[in-house]
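Comments concern the structure below.
Any read-out appearing in this document is the output of simple, stated calculations on the displayed coordinates, not a laboratory observation. Since this is a predicted model, take the numbers as computed values, not measurements. Ideal geometry is used to build each Cβ from the backbone, glycine not excepted, and the neighbour counts take in all protein chains shown.
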Amino acid sequence: MSAAEKLDFTFDCRRSHRRIVVEDARIVDKRGGWSLIDCTVRDISEGGAKLQLDPSLEVPANFDLLLVKELQMIPVRIRWRRRAFMGVEFSGPRRTAPPFRLL
């Protein structure tokens, strides 16, 4: 490995390209009934996404991510969490969201 390669901090080992976005989303928490937790998708790829949310909120390890603009739900599992950011891996196929009302 050359010295230039060692200094290349932009090298990315991800399996698929991530698209930087800023999209409204909701974490669908089904523990003890349904509740929606506001979050923002900061980047998304074929296999997962980076979310931003209130760091004080408790979130289940597995949940459905509701993409508000697309009206799609994707089952996900948490891969990492640091302060206000969380990385999730898609664990199943996208599906059309059921009718809902966002307050």
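Take residue 81 and residue 45, extend 7 Å from each Cα along the Cα→Cβ direction, and tell me the distance between the two endpoints in nm.
2.2
Among residues other than residue 59 whose Cβ falls under 13 Å from its Cβ, what is the net charge (Lys/Arg +1, Asp/Glu -1)?
It works out to a net charge of +1.
Over segment 21-69, what is the mean sequence separation of C-alpha contacts under 8 Å (at least six apart), divided by residue count, expressed as relative contact order in percent? Please report the intermediate quantities before stating the final value.
Values: 82 pairs, mean separation 21.3, N = 49.
Relative contact order here is 44 percent.
At a 10 angstrom cut-off on C-beta neighbours, averaged per residue, how do the peptides 36-44, 68-76 rank from highest to lowest? It would help to have the intermediate numbers written out before the result.
Values: 36-44: 18.2, 68-76: 16.7.
Top to bottom by mean Cβ count within 10 Å: 36-44, 68-76.
Between residue 69 and residue 23, what is 0.36 nm times their sequence separation minus the Cα-Cα distance? Round to one decimal in nm. Don't skip to the end; give the middle numbers.
On the way: separation 46, 0.36 × 46 = 16.56 nm, distance 0.74 nm.
Length gained between residue 69 and residue 23: 15.8 nm.
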